[in-house]
Amino acid sequence: MTQATQNPVDIINARVPGYKDLQMLLVNQEGIIEQILPMVTTEAHSRASIIDVAGDWISLGGVDLQINGALGLAFPDLTAENAHLLAKISQFLWDVGVDGFLPTLVTTSVEKIQRSLAILAEVLPNQQAGAKILGVHLEGPFLNFQKRGAHPAEYLLPLTIDQIKRVLSNYAHVVKVITLAPELDPTGEVIPYLRSLGITVSLGHSQATAAQAQRAFDEGATMVTHAFNAMPALHHREPGLLGAAITHPNVMCGFIADGQHVSPTMLQILLRASYQEKGLFLVSDALSPLGLPDGVYPWDTRQIEVKNGTARLPDGTLSGTTLPLLVGVQNLAKWGICDVESAIALATNAPRKAIGLPVIAKSQPANLLRWHWDENTKELTWQRVLTKAAESPLAWGVRDSRPAAINC
């Protein structure tokens, strides 16, 4: 990425998730945050550029830990012929406010999984513009048949170390997160093995009881995939996987805020019980038609129909969304089920914490979003500010990156 040659900038009168009161962000000529300081204790430095955001929120861009594709490409369908689309997808995601993402490979044949992993392994060290691929989320094929949802049953595999080795082959270093059903491994050996490879284990598509989930957390699992979806419902006598996760201090649950996967009322309960971004993070779970209009699209050997951003199989099975990550932030604020700071943190700070990345702080690249809450319309909007987009020099000032089709 080209080094910036512009002068430093002070961003003043900013609200920053995780910081109390108004802050000043000092950004140097390399586009790095030098300091975040309370406005009440300091004055703006004598710099060439000052941006007064007048109480708006400033955050890093979003991180999407579960996204299945975009612009017509499903990540399990990666080939040498279509791999060039990854650059376009990265740029598209950057334009909808995402700094980094985990391409998610849903259940398919071992051959297709390894083909996608091989291509992503080549791309990872050579990324240039747009949102960065941070690794791969392998969602399956070690899922419970009864909770497989839209995952094809013929490709599900037993959860054993031998099968893990078969699927990962030489590409374990590419996989950042794996979703599995812990009850499929009575030996208790698989999760510690995956952790020894540096892979974060997320529980999902599972029938696990609370006791089985707790055992998996004791073994090293630290995440849950799309809370409420593809798992037993909360019950007052058997809290199940989700109940065990909510009450565990070191487990974070991903969730979808499109209004279809989970009722806003249930999301409000989840947010309150999980202390919001302390135990939760937003995901898009977006499918390959992300960035395309509603319609009927191919999905593995089947078809999905997209209406108003929701994708379903012909039998009505919910298979995902085509809404970008930050729409979930806007929904949470619009529905009034959490405050603006928490809504922003759930897509920016929280997913970073879930996979061990630093949140907004000193020494971080100043790839920043500016958020404005309109109290009258109850609308939350965002813009990119101080970005190093693509290979262009750092653009001091505000750059509106909102696609016309996205209400943000």
For this session: Output the antiparallel fraction of DSSP beta bridges having both residues in segment 20-152, as a percent to the nearest 5.
Result: 45
For this session: Multiply the residue gap between Asn308 and Ala83 by 0.36 nm, knock off their C-alpha separation, and tell me the result in nm, one decimal place.
Result: 78.2 nm
Exercise. Which value does Rg/Rh take for the chain over its C-alpha atoms, Rh per Kirkwood?
Worked result: 0.97
For this session: Please give, to one decimal in nm, the separation of the simple spin-label points placed at Leu71 and Asn7, each 7 Å out from Cα toward the Cβ.
Result: 3.7
Problem set entry | Spin-label proximity, Thr265 to segment 231-247 - amide N less than 18 Å from point 7 Å beyond Cα toward beta carbon | 233-236
Problem set entry | Inter-label distance, nm, simple model (7 Å from Cα along the C-beta direction), His372/Val110 | 5.5
Exercise. Local charge sum around Ser59 (other residues, Cβ-Cβ under 13 Å, Lys/Arg +1, Asp/Glu -1)?
Worked result: 0
For this session: Please label the shape of segment 130-176 as rounded, prolate or oblate, based on the square roots a ≥ b ≥ c of the eigenvalues of the alpha-carbon gyration tensor (a/c under 1.5 means rounded; beyond that, a/b larger than b/c means prolate, else oblate).
Result: oblate
For this session: Distance from a point 7 Å along Cα→Cβ of Val40 to each backbone N in segment 6-24: keep the residues under 12 Å and list them by number.
Result: 20-23
Exercise. Can you give me the relative contact order of segment 179-286 as a percent, contacts being Cα pairs under 8 Å and 6 or more apart?
Worked result: 22
For this session: Arrange the residues Asp315, Asp95, Asp185 by how much accessible surface each exposes, largest first, with a 1.4 angstrom probe.
Result: Asp315, Asp95, Asp185
Exercise. Considering the dipole of the chain built from charges on the beta carbon (Lys and Arg +1, Asp and Glu -1) around the Cα centre, which of Asn367, Pro141, Ala213 is farthest to its positive end?
Worked result: Ala213
For this session: Provide the packing ranking of 77-88, 275-286, 360-371, i.e. peptides ordered by the mean count of other C-beta atoms within 10 Å per residue, highest first.
Result: 275-286, 360-371, 77-88
Seminar exercise, completed: Reported to the nearest 10 Å², Arg302 has, with a 1.4 Å probe, an accessible area equal to 70
For this session: Normalising by the residue count of the chain, find the relative contact order in percent from Cα pairs under 8 Å and 6+ residues apart.
Result: 19
Exercise. Which value, in debye to the nearest 20, describes the size of the charge dipole of the chain about its Cα centre when Lys and Arg Cβ atoms bear +1, Asp and Glu Cβ atoms bear -1, and nothing else is charged?
Worked result: 220
Problem set entry | Fraction of beta bridges assigned by DSSP in the chain that are antiparallel (%, nearest 5) | 55
Problem set entry | Global geometry of segment 279-398, whether rounded, prolate or oblate, following the gyration tensor of its Cα atoms and the 1.5 cut on a/c | prolate
Seminar exercise, completed: In this structure, among Lys147/Lys278; Lys176/Lys362; Lys165/Lys307; Lys112/Lys278; Lys307/Lys334; Lys88/Lys278, pairs with alpha-carbon gaps over 30 Å are Lys165/Lys307; Lys112/Lys278; Lys88/Lys278
For this session: Have a look at Leu73, Gly309, Leu180 and report the one farthest towards the positive end of the charge dipole of the chain, computed about the Cα centre with Cβ charges (Lys/Arg +1, Asp/Glu -1).
Result: Leu180
Problem set entry | Inter-probe distance in nm under a simple model that places probes 7 Å from Cα toward Cβ, at Thr187 and Gln146 | 2.4
For this session: State whether segment 301-361 is rounded, prolate or oblate according to the following rule on the C-alpha gyration tensor (a ≥ b ≥ c being the square roots of its eigenvalues): a/c under 1.5 gives rounded; otherwise a/b larger than b/c gives prolate, and the remaining case gives oblate.
Result: oblate
Problem set entry | Length gained when the stretch Asp162-Arg272 is fully extended (0.36 nm per residue, less Cα-Cα span) | 35.6 nm
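The values are calculated or read from the model by the stated rules, or taken from the named source; none is laboratory data. Keep in mind the model is a prediction, meaning the values are calculated, not measured. Heads up, the Cβs are rebuilt from the backbone with ideal geometry, glycines too, and the neighbour counts pull from every protein chain shown. Areas reflect the complete protein model, heavy atoms only, side chains present, ligands, DNA and RNA absent. Shrake-Rupley method; radii C 1.70, N 1.55, O 1.52, S 1.80 Å.
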